[in-house]
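Notes to accompany the following structure.
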Amino acid sequence: MPVTGHYFKRTLVKRLVFGSLVVTLLLGGFVLWDDLERVDDAIIGVTQVEAEQVSPRLPVEFGAIDDQVRNSVRSMLASFLTERAQQADGHFIIAEIYDLDQHSIADSVMPGAESIDKAIDAAGHRFSHRRVWYAKHLIDGQLVIHVTVPLFTKAGTAQGWFEGAFIQSWPALARIALSGLRSSALVLIAIFATTALLYPVMASLSAGLIQRSQALLDANLGTLEALGGAVAKRDSDTSSHNYRVTLTAMRIAKAIGLSDQSFRALIKGAFLHDVGKVAIPDAILLKPGRLTPDEFTVMKTHVSHGLDVISHQDWLADAAPVVGGHHEKFDGSGYPRGAKGEDIPLIARIFAIADVFDALTSQRPYKSALPLEEALAIMIDGRGSHFDPVLLDVFLGLAPQLHVESANREEVALVDDLRMATKAAFVETV
Ligand SMILES: [Fe+2]
């Protein structure tokens, strides 16, 4: 579909922004996840180093655990907690030692940390022989890192486990997070910078495409005008009927909020509705008096001839509902199918109103133009029989204004109006 330079730039910007957002979300999400993993690793590293301070203070083997051993471990843990409480970045507030059978030997809880002790007990823990296990909890507005660390003697013999609740200070946490987030920010900047660099390159590469596209649109619209005009010349010696009828149909369509796609099909159909008349013999097409039944039968074939003409061109194919349905009537008494009500395509029902209105209010070699009131009276007579009643009511609201406009317009001005409106309809593509 042809596009304007402005439309193209808008679409290009939209797509680039959308593309960069998707890449940012995917890549940024991955980098952020990776950063958070690193923040975790840093926190766990600190806790592990702290926990390993306990190991040298424990007996090499617990052996028989009696009250004396328990008391000595408890008192060691209490002094460990107190000593390390001065650490600026964070410290343990709960410490507990387990033997190799995962039985608790002794614990120590700093004053004020009893509720945290309960909360982490309830959350549960795991023991791993090889690595630090941890879980993060937000308790009473504080980030608590719950860890279990396997303990080993200097000789590398397993001793048991240290379990603790570590409080990381917020400034320390922010520092770690910030250093990680810096790489996320760099990724985002890189993606947006690439997008900004790509835009002018792509816009410039596409300039030729836009020009060709616009030329193609002009050529297609010119074909519409030429084909419609050729038939109109043969029929009535003027193209004005085609211009006015198309403008009227467009106004009705706008008033009912017709979709863009149907609107474009309506315009094509309006230009080409009688294109099949090229196949009707002059003796019938130009006969001044009434047609005989046989002549009328031939005249009606302009609909099928019209469908045949447009069927050879993809770009014209969506004019078919109007070309094929513009002589159908709402009560089923029209031709060629005798289609009824909503079986007649909406754009054909719109067009039928515009077509009859223009025929009644225009001067022809064999008749003079009817005044607006008389023309509308005839059309109201056809409400529900010839015309879709809902569409006719919409049209009746627009008719006085349309009549004033078209009565005072020269053909040249009509052509200008129509070209502008038509081009706008075809370039405003989604
Ligand atoms: Fe016709």
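Could you work out [θ]222 nm for the chain from helices alone, using -39500 (n - 2.57) per DSSP H run of at least four and dividing by all its residues? Round to the nearest 500 deg cm²/dmol.
Computed ellipticity for the chain at 222 nm equals -19500 deg cm²/dmol.
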- Message: Please compute the modelled spin-label separation between A177 and A230, points set 7 Å along Cα→Cβ, answer in nm with one decimal.
- Response: 7.3 nm
- Task: Pairs to check: K287/K329; K268/K423; K268/K300; K233/K277; K300/K329; K9/K268. Give those whose C-alpha atoms are more than 18 Å from each other in this structure.
- Result: K287/K329; K268/K300; K9/K268
- What angle, in degrees between 0 and 90 and rounded to the nearest 10, separates the Cα long axis of helix 411-427 from the longest principal axis of the Cα atoms of the chain? 30 degrees
- Item | Added length on full extension, which subtracts the Cα-Cα distance from 0.36 nm per residue, T157 to A135 | 5.3 nm
- Using bins 5 angstrom wide from zero, how does P(r) for the stretch 1-151 break down, in % of all Cα pairs? 2, 7, 13, 16, 15, 10, 6, 4, 4, 4, 4, 3, 3, 3, 2, 1, 1, 0, 0
- Query: If eta is 1.002 mPa s and T is 20 °C, what Stokes-Einstein diffusion coefficient results for the chain, Kirkwood Rh from Cα pairs, in µm²/s?
  - Reply: 73 µm²/s
- Over the chain, calculate the relative contact order: mean separation of alpha carbon pairs under 8 Å at least 6 apart, over the residue count, as a percent. 14 percent
- Pairs of Cα atoms under 8 Å, at least six residues apart: use those to get the relative contact order of the stretch 116-180, whole percent. 24 percent
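To the nearest 20 debye, what charge dipole does the stretch 5-177 have about its Cα centre, counting +1 at the Cβ of each Lys and Arg and -1 at the Cβ of each Asp and Glu?
Here the size comes out at about 1280 debye.
About the Cα centre of the stretch 211-427, how large is the charge dipole given +1 on each Lys and Arg Cβ and -1 on each Asp and Glu Cβ? Please answer in debye to the nearest 20. The partial results should precede the final answer.
On the way: 22 positive and 28 negative charges, 32 e Å.
That gives the stretch 211-427 a dipole magnitude of about 160 debye.
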- Message: Output the 0 to 90 degree angle, nearest 10, between the alpha-carbon long axis of helix 260-272 and the longest principal axis computed from the alpha carbons of the chain.
- Response: 20 degrees
- Over the stretch 5-177, what relative contact order in percent results from Cα pairs under 8 Å that are six or more residues apart? 23 percent
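What are the chymotrypsin sites (Phe, Trp or Tyr not before Pro) within the stretch 352-430 that DSSP puts in a loop, where the Cβ has at most 16 other Cβ atoms within 10 Å? The partial results should precede the final answer.
On the way: sites: F357, Y366, F387, F395, F426; in loops: Y366.
Listed in order of number, the matching sites are Y366.
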- Item | Nearest-ten-degree value, helix 114-123 long axis tilted from longest Cα axis of the chain | 60 degrees
- About the Cα centre of the chain, what is the dipole size in debye to 20, counting +1 per Lys and Arg Cβ and -1 per Asp and Glu Cβ, all else neutral? 1240 debye
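Read the figures in this text as sums done on the coordinates, not as results from a lab. All of these numbers come straight from a predicted model, not from anything done at the bench. Ideal geometry is used to build each Cβ from the backbone, glycine not excepted, and the neighbour counts take in all protein chains shown.
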